[in-house]
1. Residues to consider are A:Arg143, A:Arg148; find the one that is within 14 Å of another protein chain (Cβ to nearest Cβ), assigned to a helix (DSSP H, G or I) and out of contact with any strand residue (DSSP E or B) (no Cβ under 8 Å at 6 or more places or on another chain).
2. Name the one entry in B:Leu137, B:Leu166, B:Leu170, B:Leu148 that is under 23 Å from B:Ser328 (Cα atoms) and not assigned by TED's automatic domain parsing to the domain that holds B:Ala22.
3. Just for the range A:1-43: of the residues that are of a type in the set (A, V, I, L, M), touching a residue at least 24 places away in the same chain (Cβ under 8 Å) and under 24 Å from A:Glu216 (Cα atoms), which one is surrounded by the fewest Cβ atoms within 10 Å (Cβ to Cβ)?
4. Would you pick out the residues in the range B:180-193 that are free of Cβ contacts under 8 Å to residues at least 60 places away in the same chain, surrounded by 18 or more Cβ atoms within 10 Å (Cβ to Cβ), more than 8 Å from every other protein chain (Cβ to nearest Cβ) and assigned to a helix (DSSP H, G or I)?
5. Can you find, within the range A:50-62, the residue that is surrounded by the most Cβ atoms within 10 Å (Cβ to Cβ) among those that are aliphatic (A, V, I, L, M) and at pLDDT 95 or above?
6. Select from the range B:323-372 the residues that are part of a strand (DSSP E or B) and among the aliphatic types (A, V, I, L, M) and list them in ascending order.
7. Test B:Ala231 against the stated conditions and say whether it is surrounded by fewer than 16 Cβ atoms within 10 Å (Cβ to Cβ), modelled with pLDDT of 95 or more, outside the structural domain of B:Val329 (by TED's automatic domain parsing) and small (Gly, Ala, Ser).
8. Sort through A:Ala174, A:Ala226, A:Ala126 and tell me the only one that's surrounded by fewer than 20 Cβ atoms within 10 Å (Cβ to Cβ) and closer than 27 Å to B:Gln213 by Cβ.
Amino acid sequence: MAVKLGVPSKGRLMDKTFDWFASRGITLTRTGSEREYAGAVSGIADVDLVLLSAGEIPRELAAGRIHLGVTGSDLVREKVPAWDGAVMELEPLGFGHADLVLAVPSCWVDVDTVSDLDAAAAGFRATHGFRLRIATKYHRLIREFLRREGVADYQLVDSQGATEGTVKNLTAEAIADITSTGETLRANHLKVLSDGLVHRSEATLFKARRATWTNEDRATLASLAARLETAAE
Amino acid sequence: MNQTDALAQAEAARALRDRFVAAGAVPVEPDILMPAEMLIELYGEDIRARAYTCADPLRGELMLRPDFTVGVAQHHLAKGQGPSRYAYAGPVFRQQEADPDRPSEYQQAGVEILDGTDPADAEADVFAAMAEATAPLGLRAAIGDIGLLTAAISGLTASDVRKAALTRHLWRPRRFRALLDRFAGRKSPPAARTRLLETLETDGDPFSDAGPQIGLRSREEITARLSRLQADAAEPPIPDREVALLEQLLALRDTAPAAGEQLRDLAVDLPAILPAVSKFTARLDALTARGVDPGTLEFEGSYGRTTLEYYDGFVFGLSAPSRPDLPSVVTGGRYDALTRVLGGGAPCRAVGAAVRVHIGSEVARTRGVQWP
């Protein structure tokens with residue numbers, strides 16, 4: 001049995017992951033036709049490449065169907081309940097940076113902090129008769145953040161894309177989404193709360209705690225870890 | 001769960017209900033599927049992390065009942081009858097993400113009294129019924145009173161806006177603490193707030209860099225809050241002495257009669273809690289009349305602040321001292337506000353409690369006793 005390494009199957013995330021391993025002497029390549037999701041690994045023995053959608057890697061890691069996987073730290077926290085019991089962070093990869101933030105309309109000049117958002121939510125509910133709506137696709141992360149912060153009188157509405165447009169379209173009052181430069185937020189007349197950083201995400205190499213790790217697999221992981229450390233020196 | 005256990009738990013729950021019915025309660029069988037929207041309205045977004053949601057093409061989003069209280073209260077309000085007491089038994093459903101070892105489906109049996117004639121007696125009645133039903137388990141009782149806390153807040157030297165903010169966050173201790181520190185002048189406001197207030201003070205336009213007005217929250221709502229912020233900044237801090245009294249109340253822990261003494265002492269400096277203290281005393285008398293020794297009850301000033309979010313008066317729990325690893329076997333309390341919301345604003349006094357049958361069975365096994 002070989003160690004199964006799950007890597008995003010396309011796009012910048014795949015290219016950067018390939019580069020990251022390559023600079024550590026491990027070559028990952030896609031094999032077969034352009035459309036076939038098959039891959040090969042050279043430079044280290046007993047590692048199989050599994051190409052997956054980045055969004056599915058957290059689930060595969062949690063189930064232990066792959067031993068190692070590269071995906072955004074935000075996706076693992078969002079998709080895996082009690083994530084740190086299911087997977088372990090081995091190495092941040094230094095790319096794929098994005099911040100999950102809470103943002104409100106810039107015209108809300110009275111709202112700068114999460115505490116202000118909470119006060120605005122209380123007033124909004126009293127005035128409009130329903131809870132202030134926050135559009136997001138990161139339900140777990142946002143709910144946990146707002147519970148920790150003690151925010152009340154809000155509800156989450158699902159938004160799988162174009163989330164920044166929901167306020168203008170009157171389907172939400174505030175949003176929680178990933179941003180790297182903040183440009184899309186500004187273009188949609190939104191501002192980030194000064195203490196509204198929910199998670200700083202980065203592409204990360206994860207280890208699956210629930211996968212079956214044979215002695216050979218552990219040896220493979222140790223030699224991989226040694227390679228990563230050498231690179232770090 | 002294996003079949004033998006599942007059958008035993010269901011039978012135990014029904015046996016408990018029959019006992020409550022024999023004591024005069026009417027049996028009810030609330031729906032398992034409930035409209036998600038209503039539960040979210042009552043409990044907030046957190047309920048999504050605790051209840052199972054399912055989709056119905058015609059009825060929209062539904063939830064598997066996370067407890068019986070709402071279903072029973074709804075049944076009562078729909079019938080529009082006078083004072084009633086109900087008993088129920090059956091499964092409830094909870095997601096257990098944080099603690100996968102806890103069952104996500106388990107049996108509850110309980111009593112709800114919707115009767116405003118004699119609130120103290122209704123509370124004592126529910127408590128006594130639960131104590132009697134779990135007597136073989138050797139449980140210890142903890143009691144609290146959210147009404148004392150709201151009364152204490154109402155007596156602070158502070159504007160109604162500040163009092164409302166504190167009361168709203170009674171169930172979120174961290175935010176409550178932050179607000180109290182801010183209102184007591186122990187923590188200065190964030191820099192952005194100070195700048196904003198300066199702009200308003202000097203007749204500057206706070207909206208100069210605000211961009212276009214978007215979304216449902218109107219310019220009027222924003223300016224109204226700006227006025228509130230100005231008023232808040234002009235308000236003197238809540239005196240240290242009053243904050244200390246509130247903290248004393250929150251930290252109070254003693255047997256119920258001794259706590260009663262201390263509450264009366266506190267009321268000398270905090271007269272706003274006097275009516276709540278009288279209710280507390282009346283409740284202890286009612287418990288005595290129903291054969292419960294108040295000396296066996298442990299009062300905790302903060303009891304019910306973190307887990308029992310919809311209770312707004314008397315709260316209690318019965319748990320096994322020998323099994324601190326287990327949650328309470330029984331929890332209950334007064335939930336007038338919840339029935340008021342359900343009933344569209346019409347006042348309705350309600351108190352109830354539920355037995356977690358599987359926890360009770362576990363305690364019975366540990367003690368080697370037959371139960372129920």
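The values are calculated or read from the model by the stated rules, or taken from the named source; none is laboratory data. Being a predicted model, the structure only gives us computed values, none of them experimental. Note that we place each Cβ from the backbone using ideal geometry, even for glycine, and neighbour counts take in every protein chain shown.
1. On the way: A:Arg143 fails: out of contact with any strand residue (DSSP E or B) (no Cβ under 8 Å at 6 or more places or on another chain).
Just a single option satisfies the conditions, and that option is A:Arg148.
2. Details: B:Leu137 fails: not assigned by TED's automatic domain parsing to the domain that holds B:Ala22; B:Leu166 fails: under 23 Å from B:Ser328 (Cα atoms); B:Leu148 fails: not assigned by TED's automatic domain parsing to the domain that holds B:Ala22.
It is B:Leu170.
3. So the first thing to find is which residues in the range A:1-43 are of a type in the set (A, V, I, L, M), and the list is A:1-3, A:5, A:7, A:13-14, A:22, A:26, A:28, A:38, A:40-41.
Then keep just the ones that are touching a residue at least 24 places away in the same chain (Cβ under 8 Å); that gives A:1-3, A:5, A:7, A:13-14, A:26, A:41.
Then drop every residue that is not under 24 Å from A:Glu216 (Cα atoms), which leaves A:1-3, A:5, A:7, A:26, A:41.
On the way: A:Met1: 12, A:Ala2: 15, A:Val3: 24, A:Leu5: 25, A:Val7: 25, A:Ile26: 19, A:Val41: 19.
It comes out as A:Met1.
4. Result: B:Arg182, B:Phe183.
5. Filtering the range A:50-62 for residues aliphatic (A, V, I, L, M) gives A:50-52, A:54, A:57, A:61-62.
Now drop any that are not at pLDDT 95 or above, which leaves A:57, A:61-62.
Details: A:Ile57: 26, A:Leu61: 30, A:Ala62: 23.
Checked the range A:50-62; the qualifying residue surrounded by the most Cβ atoms within 10 Å (Cβ to Cβ) is A:Leu61.
6. Going through the range B:323-372, the residues part of a strand (DSSP E or B) turn out to be B:330-334, B:351-356.
B:Val330, B:Val351, B:Ala353, B:Ala354, B:Val355 - these are the residues of the range B:323-372 that are part of a strand (DSSP E or B) and among the aliphatic types (A, V, I, L, M).
7. Values: surrounded by fewer than 16 Cβ atoms within 10 Å (Cβ to Cβ): yes; modelled with pLDDT of 95 or more: yes; outside the structural domain of B:Val329 (by TED's automatic domain parsing): yes; small (Gly, Ala, Ser): yes.
Yes: the conditions hold for B:Ala231.
8. Numbers: A:Ala174 fails: surrounded by fewer than 20 Cβ atoms within 10 Å (Cβ to Cβ); A:Ala226 fails: closer than 27 Å to B:Gln213 by Cβ.
None of the others qualify; the one that does is A:Ala126.
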